[in-house]
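What follows draws every value from the coordinates through simple rules; no lab data is involved. Please read these numbers as outputs of a predicted model, since none were measured by experiment. No Cβ is skipped: glycine too gets one built from the backbone with ideal geometry, and neighbour counts run over all protein chains shown.
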Amino acid sequence: MTKEPQQDKESPLRKRREELGLTQREIAAALDKTVQTISNWETGLYEPKMTPREVKRLCRLMGWTLEEMPDEFAAPKE
């Protein structure tokens, strides 16, 4: 049995956040959300609900264009 690379199963939001050295708390503060909300997005417990202003803020914070922003923030389901 071969293992798939861990990065394929990782949350794109978490991966990018860690690449940038950001904490869930920093993202939560920038978006006026709770840390639990950001955690829920990364784990796939909840879908993000954001205003256009929040989407723009997240894109700027993460260095994404709208097209680069992942469709799903959670890790892919097996």
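At-a-glance table
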{"quantity": "Qualifying trypsin sites (Lys or Arg not before Pro) in segment 4-55, DSSP loop, other Cβ atoms within 10 Å at most 15", "calculated": "Lys49"}
{"quantity": "Helical mean residue ellipticity (222 nm; -39500 (n - 2.57) per DSSP H run of 4+; nearest 500) of the chain", "calculated": "-13000 deg cm²/dmol"}
{"quantity": "Additional length obtainable on full extension of the chain from Glu54 to Leu66, 0.36 nm per residue less Cα span", "calculated": "3.1 nm"}
{"quantity": "Structure-derived Cα Rg over 2.2 N^0.38 Å - corresponding label in (1) 1.30; (2) 1.10; (3) 0.97", "calculated": "(2)"}
{"quantity": "Among Glu67, Glu26, Glu54, residue whose mean-square fluctuation peaks in a GNM of the chain (springs only between Cα atoms under 10 Å)", "calculated": "Glu67"}
{"quantity": "Reachable lysines, given that their alpha-carbon falls under 18 Å from the alpha-carbon of Lys9 and they are not under 8 places away in the same chain", "calculated": "Lys77"}
